[in-house]
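Peer 1: Take this structure, written in structure tokens, and hold onto it; I'll ask about it next.
Nothing in this text is a laboratory measurement; each read-out follows from the coordinates by a stated rule. Computed from a predicted structure; not experimentally measured.
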Amino acid sequence: GEAQSGHLKNIGYSLYLKMLEDAINSLLGKTPIASREVDIKLSMSAFISDTYISEDRVRLELYRRLSRCGSIHDVLEIEEEMVDRFGKIDVPTKQFLQLIEIKILATQRAIVLISNYGQNISIKYEDEKKVTLQSRSRDDDDLIATVLTYLRSHA
């Protein structure tokens, strides 16, 4: 949990997921499938908490399944399953699910990078277009809400 969070902060969410998926594929003897990558560099703690799901194996399986979600509907189905199995979702796990949603929406909108410096959020598109957003605060929930509001309104 805490170590997992530290690794996530140091290397970034997208790279962490890619490394995790590559490691799983390597163990299973599969070659990774190339896809358009969105680099999400938002400074926040977002991970499947070991206080929410204590079994490493179950958490790894959920990371794998969530990293393969192609739609918001897929994420919502897994989220519903998690609530049924483990109860109310804690804050870092909820934020992780929201980052998956951000990744899906950003991919659909040809966004290649979402990053922040304090409350300033930068969004870069494949065509080099850049957008800067201002979050209400540096709070993780405010950063996520600002990005999701933008992505949902710019289909």
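Peer 1: Mind checking the full-extension length gain between LEU148 and GLU128? Use 0.36 nm per residue of separation minus the Cα-Cα distance, one decimal, nm.
Peer 2: Numbers: separation 20, 0.36 × 20 = 7.20 nm, distance 2.04 nm.
Working it through step by step, the gained length comes to 5.2 nm.
Peer 1: Same structure, new question: Would you mind calculating the gained length between ASN120 and ASP84 on full extension (0.36 nm times residue separation, minus the Cα-Cα distance), in nm to one decimal? Could you put the intermediate results ahead of the total?
Peer 2: Working: separation 36, 0.36 × 36 = 12.96 nm, distance 3.63 nm.
Result: 9.3 nm gained on full extension.
Peer 1: Something else about it: Relative contact order of segment 14-154, please, whole-number percent, based on alpha carbon pairs below 8 angstrom and at least 6 residues apart. The partial results should precede the final answer.
Peer 2: Values: 160 pairs, mean separation 33.2, N = 141.
For segment 14-154, the relative contact order is 24 percent.
Peer 1: I've got another one for you. In whole angstrom, and with the biggest value first, how far do the Cα coordinates of segment 45-155 range along each principal axis?
Peer 2: Its Cα atoms span 42, 28, 21 Å along the three principal axes.
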